[in-house]
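Heads up: the structure comes next, in structure tokens.
The values are calculated or read from the model by the stated rules, or taken from the named source; none is laboratory data. From a predicted model like this one, the values you see are computed outputs, not experimental measurements. Positions of Cβ are generated from backbone atoms using ideal geometry, with glycine treated the same way; all protein chains shown enter the neighbour counts.
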Amino acid sequence: MSKKDERDRSRVEAVLELIRKQTPLTVKQEKFCNYACVERFLKAKGDNVKRAAKQLRACLSWRESIGADYLVADEFSGELTDGLAYVAGHDDEYRPVMILRMKQEYQKFHSQKMFTRLLVFTMEVAVSTMPKYVQQFVLLFDASFYRSASAFTNLLVRALKITGENYPGRLHKAFIIDPPSLFPYFWKGVGAFVELSAVTTLVSSLDFHGEDGSSGDLTGGRGVMNAGSCSSSRFAFTVSHHVDSLKPWYLSLSETSVASRTPVQQRTPRPSFLKSPAGMVFGRGERVCRESFLPLWKLYRRPYDEMVYRSKMRGPVGGHFRRRHVSFSQRF
């Protein structure tokens, strides 16, 4: 064991000792406060033992107040049927991918504590599906059902605050998909005060249409159509089928000798009114955002299936499951 490992282990033991001095830990709390958990709290507090112990003790009290260790799926039967919050699968690095597809009306008929319990239940399911060498998850917020930017901002800030304070080091990336039009302006002002804003990114689904094969080659796989020969060499033209371009075809007015050559492919710049809202906040990082979200696009577009989600639950959190008919509009 190296000196660094000995130093890290001594810090972990010091944090646990400070916590046990106040009140003895229960069996479930001892299981929660394993080496990896305490190490994440230490890393979040800059290896400060006292600050890490204080945050961990606050986390244990918070988990006890909401009954995090006793959450079962039967408590959220309606939410599970509608697919409001679930684990969709795993990314290329085997990190669980959670999707929150909340509707604006949900907050009108449910308390904040109910939303907190649903969020914690979903995160606990995600943590239970992690392989041993994985410690983080990915969070996708589908904001397409929200019309009010302020209402969604309050929901997002609350979710990120719960994750940052009680699951430090767990969130790898958070993607906000199709938020209300005014949300980027709200986020500019609020994001500076949110701890996890650095790993939160805005995404527009308009930038990914066709990536899942739903709107691919418009020629139906038949290749480029043969336009035939033109009797006049002056008006010889070629047709280019590129769904990537805004123009359906290009006219190349040229002589016969020039038209026989391969035409130069040109891409028409996207109009300003079609630009992704992510560019309003992140600017040059939009390309990086696209590359990081692209592997998650298929999971986001995959129809929700309650049976598949229930199969991911381990232990008593699964509860009793009764198969119910779910229409396509409810599944996605």
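Close Cβ contacts (under 8 Å, 6 or more residues apart or on different chains) running from residues in the stretch 134-162 that are in contact (Cβ under 8 Å) with a residue 12 or more places away in the chain and of a type in the set (D, E) to residues that are in a loop (DSSP other than H, G, I, E, B) and crowded, with 16+ Cβ neighbours inside 10 Å comprise D142/R101; D142/M102; D142/D178.
Go over the candidates V72, V157 one by one and state the one that is closer than 26 Å to P184 by Cα, surrounded by fewer than 20 Cβ atoms within 10 Å (Cβ to Cβ) and among the aliphatic types (A, V, I, L, M).
Values: V72 fails: closer than 26 Å to P184 by Cα.
It is V157.
Residue pairs whose Cβ atoms lie under 9 Å apart, sitting 6 or more positions apart in sequence or on different chains, and linking a residue in the stretch 83-111 that is surrounded by fewer than 18 Cβ atoms within 10 Å (Cβ to Cβ) to a partner that is among the hydroxyl-bearing types (S, T, Y), are Y94/Y133; K103/Y146; Q104/Y146; Q104/S148. Against the definition (part of a helix (DSSP H, G or I), under 19 Å from Y70 (Cβ atoms), more than 29 Å from the chain's Cα centre (by Cα) and not aromatic (F, W, Y)), how does E30 come out, yes or no? Considered against the rule, which asks whether it is part of a helix (DSSP H, G or I), under 19 Å from Y70 (Cβ atoms), more than 29 Å from the chain's Cα centre (by Cα) and not aromatic (F, W, Y), E30 comes out as yes. Scanning the stretch 43-62 for residues that are more than 26 Å from the chain's Cα centre (by Cα) and either over 18 Å from N166 (Cβ atoms) or not in a helix (DSSP H, G or I) (or both) gives G46, D47, N48, V49, K50.
The rows are residues; the columns are (1) closer than 19 Å to N166 by Cβ; (2) within 23 Å of the chain's Cα centre (by Cα); (3) hydroxyl-bearing (S, T, Y); (4) assigned by TED's automatic domain parsing to the domain that holds K132.
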{"residue": "E64", "(1), (2), (3), (4)": "yes, no, no, no"}
{"residue": "F76", "(1), (2), (3), (4)": "yes, yes, no, yes"}
{"residue": "L84", "(1), (2), (3), (4)": "no, yes, no, yes"}
{"residue": "L100", "(1), (2), (3), (4)": "yes, yes, no, yes"}
{"residue": "K103", "(1), (2), (3), (4)": "no, yes, no, yes"}
{"residue": "Y106", "(1), (2), (3), (4)": "no, yes, yes, yes"}
{"residue": "Q112", "(1), (2), (3), (4)": "yes, yes, no, yes"}
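Comparison of M123, M98 shows that the only residue that is within 25 Å of P184 (Cβ to Cβ) and not hydroxyl-bearing (S, T, Y) is M98. Sub-6 Å Cβ pairs linking a first residue in the stretch 194-208 that is in a helix (DSSP H, G or I) to a second residue that is polar (S, T, N, Q) and at pLDDT below 90, at least 6 apart or interchain, are D207/S276, ordered by first then second residue.
For L160, are the conditions met, namely being within 23 Å of A192 (Cα to Cα), assigned by TED's automatic domain parsing to the domain that holds P184, hydrophobic (A, V, I, L, M, F, W, C) and outside any helix (DSSP H, G or I)?
Numbers: within 23 Å of A192 (Cα to Cα): yes; assigned by TED's automatic domain parsing to the domain that holds P184: yes; hydrophobic (A, V, I, L, M, F, W, C): yes; outside any helix (DSSP H, G or I): no.
Against the criterion (within 23 Å of A192 (Cα to Cα), assigned by TED's automatic domain parsing to the domain that holds P184, hydrophobic (A, V, I, L, M, F, W, C) and outside any helix (DSSP H, G or I)), L160 does not qualify.
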